[in-house]
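Below is one structure, written out as structure tokens; comments come after it.
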Amino acid sequence: LGIKSIINLQKPGEHASCGNPLECSGFTYDPNIFMENNIYFYNFGWKDYGEATLTSLLDMVKVMAFALTEGKVAVHCHAGLGRTGVLIACYLVYSLRVRANDAIRFVRLKRPNAVQTRGQILCVQEFEQFILPHSFVFCNKEFVKDKKHTEFSLTQYLNRQKFMLHGYEARTLKFIPKILFVLCERLLHLCNCRNLSSPYGIRYEVTDLPFTRSFAVARINNDQHAGFLHSSSASTGSPNDSPFASTYLPSSVNHQDMDEDDDNDVAMPHNVACISPDMPSCASGMSGLDDTCLDAVLGDGIHGQTLHDNMCYRELSSQSDLRKAFENEKFIPYHVDDVVQALLADHNMLGDEIRKYIRQYKVDLNHRQSAWTRLQVEKNLYALTGLLYDWLEHLRVPVLSRDDLSYIVILGKHPEACLKKLDLGSQYVLEYLFRFLARLQPLSREDLLNLMRRLIASLTQQGVPIHGILRPSGKGYHKLREGTHQKVMEFASKLFDMIRMMVGSRTAAFSEFSKSKQSISSDIGSDIEETETLTPT
């Protein structure tokens, strides 16, 4: 069967008089037998007809998501209908970003009478209301009338992201928004600039050793905040720290491999409980809700839905097709100049078709997990760069706020001291984006400086002149003051030079500048003077 993990939702000693006698473990089998055969065993003791908090359910689905990366997973409780059905439905909500009713119908189509009772249905629905708002990548005020989900800052987004990511991804992207990482890496891939095997670079991949450990900001902060290092072994996704009963794992499993989320910046409703079964699963005469009345209980106007019409089925099929397309992808690489042109383009002047395409991407990234897989095979440079800038520019607070700009004006000549004054998220985002520029090669000095300006415009949400024209246009931004502009460019260039020295002058990304041993920051003053005459937009 290829099963690599078992998730047991029973409490030891549960229903001892029902069926065969229990083993010493308190279950009908000995977990050690599975572990000796390299099958992971997780026990989340969930009392039959008891309660589960929303955060406990989140713990379980994250562990389940991690286990699925190792192979197939078997989930069971006592009868395999109540708690098992609830957990699988919640996992589908978490992993596919589907509605609770879609997940419940899918589970029951696969396992009749699972998610048996009204209490269990309510449990899955409450989990949906708890988790889905944290999955939003773009503020939805542009798409809906009620304006329910307000704008968010970089810090708020990173805190939300911690809810949704798990395992190596959570550790690697602790301080870097996933959307920026995916977009930038895709752009580099399309022009063959990822250089994963570069002897002087680092591997910008999601692995057990986050690439951020090589960042300057990790060293500046003495690694105390780096996503790969923690003084405590506690983790949200770690079974041993779950509010449930003890979890058994093979000795080879590292608990921190599953999750690293020890930040409590986001309020978690620990005291909110989901009532599970309304009665014991082995109670006489218990049949739960019949399929014929399920639609009436769900009350969403859908009746007699077939498997192929179910959103879970469609999302799983879409992800499968996109993964195959990614694995078999063949394309003619773009030239770096094409990527530079897309990055420097006036996205406000793009045609209606591409703007609608970008807008639909935003909607899908908020509501469909398959949108992330689509980004991995996206070839439209203007869609990728448009999403990159739109995300940075739609934040409620700029990545570089007015206070940050004040620090840069005062300390810009000393990038390390200046970085220390910024929020951790801003530090890591700045360094990652500048490393992104460094990996675009070959790159002329003029293009590099213009790309810095364009990024600064998005990071500050202020107009910055490029070729005498303020960018971005159509946003209504005020022009960044000349003095501030010069100081920010000086800081940016010195930061770039610092990264250049860390990576090594032999790296191809800096070949043009290393030949002359010229610092990017050496001519910033003259470049600012050249842009003082502007064409208004």
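Here, each number is a calculation from the coordinates, and none is a lab measurement. Predicted model, so just to flag it, every value in this text is computed and none were measured. Every residue, glycine as well, gets a Cβ built from its backbone with ideal geometry; the counts of neighbours run over all protein chains shown.
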Using the count of nearby Cβ atoms within 10 Å as a rough guide to exposure, how do 185, 51 rank from fewest to most? 51, 185
Sequence order, the stretch 4-11: Karplus ³J(HN,Hα) from phi using 6.51 cos²θ - 1.76 cosθ + 1.60, θ = phi - 60°, Hz rounded, Gly and Pro as x, gives 10, 9, 10, 10, 9, 9, 7, 8
Sites matching trypsin sites (Lys or Arg not before Pro) across the stretch 104-193 that sit in DSSP coil, with at most 14 neighbouring C-beta atoms within 10 Å: 145, 147, 148
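With N denoting the number of residues in the stretch 336-530, provide Rg(C-alpha) divided by 2.2 N^0.38 Å, to two decimal places. Write out the running numbers ahead of the final one.
Working: Rg = 16.9 Å, N = 195, 2.2 N^0.38 = 16.3 Å.
The reported ratio for this selection is 1.03.
For residue 473 and residue 338, FRET efficiency with R0 = 25 Å and r from the beta-carbon atoms, rounded to 0.05? Provide the component values of the computation, followed by the final result.
Working: r = 21 Å, r/R0 = 0.85.
Calculated transfer efficiency: 0.70.
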What's the extension gain from residue 28 to residue 352 if we count 0.36 nm per residue and subtract their Cα-Cα distance? 110.4 nm
Ordered by number, the chymotrypsin sites (Phe, Trp or Tyr not before Pro) in the stretch 418-494 that occupy a DSSP loop and have at most 14 other Cβ atoms within 10 Å are none
What does the charge dipole of the stretch 336-530 about its Cα centre add up to, to the nearest 20 debye, if the Cβ of each Lys and Arg holds +1 and the Cβ of each Asp and Glu holds -1? 440 debye
So, R0 is 25 Å and r is the distance between the beta-carbons of residue 3 and residue 328; what FRET efficiency does that work out to, to 0.05? 0.35
Proximal lysine pairs, the stretch 336-530, alpha carbons under 22 Å, eight or more residues apart or interchain: 15
Residue 47 to residue 297: FRET efficiency via 1/(1 + (r/R0)^6), r the Cβ-Cβ distance, R0 25 Å, to the nearest 0.05? 0.60
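Which of the chymotrypsin sites (Phe, Trp or Tyr not before Pro) found in the stretch 317-392 are in a DSSP loop and have at most 15 neighbouring Cβ atoms, other than their own, within 10 Å? Mind dumping the intermediate values first?
Working: sites: 326, 331, 334, 357, 361, 372, 382, 389, 391; in loops: 331, 334.
Sites meeting the loop and neighbour criteria: 331.
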